[in-house]
Each structure stands twice: as structure tokens, then as C-alpha cells.
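Only one structure is covered here, and it is reproduced in the block below.
The values are calculated or read from the model by the stated rules, or taken from the named source; none is laboratory data. The shown structure was predicted, so the numbers you read here are calculated from the model rather than taken from an experiment. Every residue, glycine as well, gets a Cβ built from its backbone with ideal geometry; the counts of neighbours run over all protein chains shown.
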Amino acid sequence: MLGFLLNRLASEFRTRTDAALKPFGISPRALGLLLTVAQKETLSQVEIARRLGFDRTTMSQLVEDLRQADWIGRETQKSDRRSHVLSLTSAGARRLTEASAAAEAVEKELMRMFSSDDAEDFKQRLALMLASLEGGDGFM
């Protein structure tokens, strides 16, 4: 039953988020990538893909799409010429701000029946569940 409920919730969340992001010309995956790059952790493209659960092909295509939109830049790491570091452009930062607000509005609507503390607790518990399946610590 839990799997069914989580799947239904994820499906509804995806549908609403897709609709909210459509006017900005961005997908939820692309938004996730921009959010991760904006954290300025100097992660390689491969590390970001791993963190987001993207396969190589998906990540490569997404990076290329975002580069063509001039939302991210990509540079070769000096320490490892096979590795690339992504950075947010000023246009990407603007798009991130707009799209994040739209995505947050969807989240707020879906979590409206919870207090802010309960909503945060719910998200942390979901992260812990996911991490336990992936072997991590569950903190976002």
C-alpha cells in the first residue's frame, strides 16, 4: 500500500510541477540540475549525475540542452582533464529563481495540510527512506 501511495503522490507532484515549469521552458530534471550547480560545491558532472540519480546519457543531454540555453557553463577540471565542472550563468541564475518559485508553489500547495514543521519532518523522513535504500545518510 505504501508503494502505491508514494507512486500516486509522485505522479501527481510530477504532473503539477511539469505544468508549473512549462512557461519557463524547463523540466523538473533541469531544475534539479540548476539547483545542484547553484550550490557551488565544485562537483564534477559525473558526481552531480550520481547525486541526482541521472544516467550518463540523460546527464549529457541535459547538460548540452542547458548549455545551449546559456543557463550553465562547463569547464574542464585542471586536476583531471576527463572531468568537467558545471557553473551557473547569469541567465541560468535568473531562470533558476523564476522556476524555483513556481516549483515551490506546487510543493506548498501539496503540503498545505501540514504545519511547516510537519512538512519539513515529512521531507526528512522521505529522504531517510530513500537513503536507506541507496546506502546513504538521508540528509538533503
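Brief remarks follow.
- Across the range 9-47, the number of residues qualifying as within 20 Å of THR58 (Cβ to Cβ), modelled with pLDDT of 95 or more, of a type in the set (D, E, K, R) and touching a Leu at 6+ places or on another chain (Cβ under 9 Å) comes to 0.
- Just one of the listed residues (SER87, SER79) is at negative phi, touching a strand residue (DSSP E or B) at 6+ places or on another chain (Cβ under 8 Å) and polar (S, T, N, Q), namely SER87.
- Residues that are farther than 24 Å from ARG14 by Cα and of a type in the set (S, T, N, Q) were ranked within the range 85-103; the one that is nearest to the chain's Cα centre (by Cα) is SER87.
- Hey, ARG29 over 30 Å from ARG112 (Cβ atoms) and either part of a helix (DSSP H, G or I) or over 12 Å from the mean Cα position of the chain (by Cα) (or both) or not: no
- Of the residues in the range 91-102, not one is over 24 Å from ALA20 (Cβ atoms) and in a helix (DSSP H, G or I).
- All of THR76, THR57, THR97, THR42 fail the test of being of a type in the set (Val, Ile, Thr), over 30 Å from LEU2 (Cβ atoms) and touching a His at 6+ places or on another chain (Cβ under 8 Å), apart from THR76.
- Among the residues of the range 47-76, those that are over 11 Å from SER87 (Cα atoms) and outside any helix (DSSP H, G or I) comprise GLY53, PHE54, ASP55, ALA69, THR76.
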